[in-house]
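Notes follow once the structure below has been shown.
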Amino acid sequence: MMLVKSNRIYFICIQNRCRSQIAEAWAKHYATDDLVIESAGIEHADIHPHTIQVMEEKGIAMSGHVSKTLDLKKYMSSEYVVKMCEQVAERCPVVPFGVKSLAWDIKDPLPTGNIEDVRVARDAIEIKVIALLKEMGKFKQV
């Protein structure tokens, strides 16, 4: 069975509670409407309160976001798979031929417990999301 490549970016992380959630939120904020944007984790964990707070500081509501585990059908049919950290590269399925794979290697800001570290990660992710969307021709001015 051949999966058709969709106009999809799939952000993945270990637990889908911070970095991949932030990337999904930024991408949905900046992307054209024809792009499917999702995130997932290898393991399930609730979205961290710092994640919600730092995005709300930028006017991005996270109330509808929930932690999701990796869906292999979505993974294999994505145009881009963005791995948010080195840990994922080691535990993630091999990206199939034809799927563009990016490794952003954003350090997990949550272990320190310092919300400022989450803000630094948020801002770094925003820059990378904008650059990717511009490269894809899917960036909309907000």
Suppose the filter is open to solvent by less than 30 Å² (accessible area, probe 1.4 Å), among the charged types (D, E, K, R) and not in a loop (DSSP other than H, G, I, E, B); does Glu38 pass it? no
Mind listing just one residue for me: the one in the range 41-53 that is closer than 18 Å to Ile115 by Cβ and touching a residue at least 24 places away in the same chain (Cβ under 8 Å) and, of those, least open to solvent (accessible area, probe 1.4 Å)? Thr51
Taking the range 9-35 and keeping residues assigned to a strand (DSSP E or B), at pLDDT 95 or above and either surrounded by fewer than 19 Cβ atoms within 10 Å (Cβ to Cβ) or not aromatic (Phe, Trp, Tyr) (or both) leaves Ile9, Ala31
Spot the failing condition for Phe97; the list is (1) over 13 Å from the mean Cα position of the chain (by Cα); (2) surrounded by 20 or more Cβ atoms within 10 Å (Cβ to Cβ), and only one is missed. (2)
Being surrounded by fewer than 22 Cβ atoms within 10 Å (Cβ to Cβ), out of contact with any strand residue (DSSP E or B) (no Cβ under 6 Å at 6 or more places or on another chain) and either at pLDDT 90 or above or at positive phi (or both): is that true of Gln87 here? no
Would you say Ile106 is surrounded by fewer than 20 Cβ atoms within 10 Å (Cβ to Cβ) and hydrophobic (A, V, I, L, M, F, W, C)? no
Testing Thr51 on (1) out of contact with any strand residue (DSSP E or B) (no Cβ under 9 Å at 6 or more places or on another chain); (2) among the polar types (S, T, N, Q); (3) not in a helix (DSSP H, G or I), one condition comes back false. Which one is that? (3)
Going by the conditions given, is Ile127 in contact with a helix residue (DSSP H, G or I) (Cβ under 8 Å, 6 or more places away or on another chain) and either of a type in the set (Val, Ile, Thr) or modelled with pLDDT under 90 (or both)? no
Evaluate the range 131-141: report whether one residue or more is within 28 Å of Pro49 (Cβ to Cβ), crowded, with 16+ Cβ neighbours inside 10 Å and at pLDDT below 95. no
Going residue by residue through the range 64-78, is there one that turns out to be closer than 23 Å to Val120 by Cα, charged (D, E, K, R) and either surrounded by fewer than 17 Cβ atoms within 10 Å (Cβ to Cβ) or in contact with a Lys or Arg (Cβ under 9 Å, 6 or more places away or on another chain) (or both)? no
Before we move on, is Ala61 open to solvent by 40 Å² or more (accessible area, probe 1.4 Å), out of contact with any strand residue (DSSP E or B) (no Cβ under 7 Å at 6 or more places or on another chain) and at pLDDT 90 or above? yes
Scanning the range 89-123 residue by residue, those in a helix (DSSP H, G or I) and within 14 Å of Thr51 (Cα to Cα) turn out to be Leu110, Pro111, Thr112, Ile115, Glu116, Asp117, Val118, Arg119, Val120, Ala121, Arg122, Asp123
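The values are calculated or read from the model by the stated rules, or taken from the named source; none is laboratory data. Since this is a predicted model, take the numbers as computed values, not measurements. Using ideal geometry, Cβ is built from the backbone for each residue, glycine included, and neighbour counts are taken over all protein chains shown. Areas reflect the complete protein model, heavy atoms only, side chains present, ligands, DNA and RNA absent. Shrake-Rupley method; radii C 1.70, N 1.55, O 1.52, S 1.80 Å.
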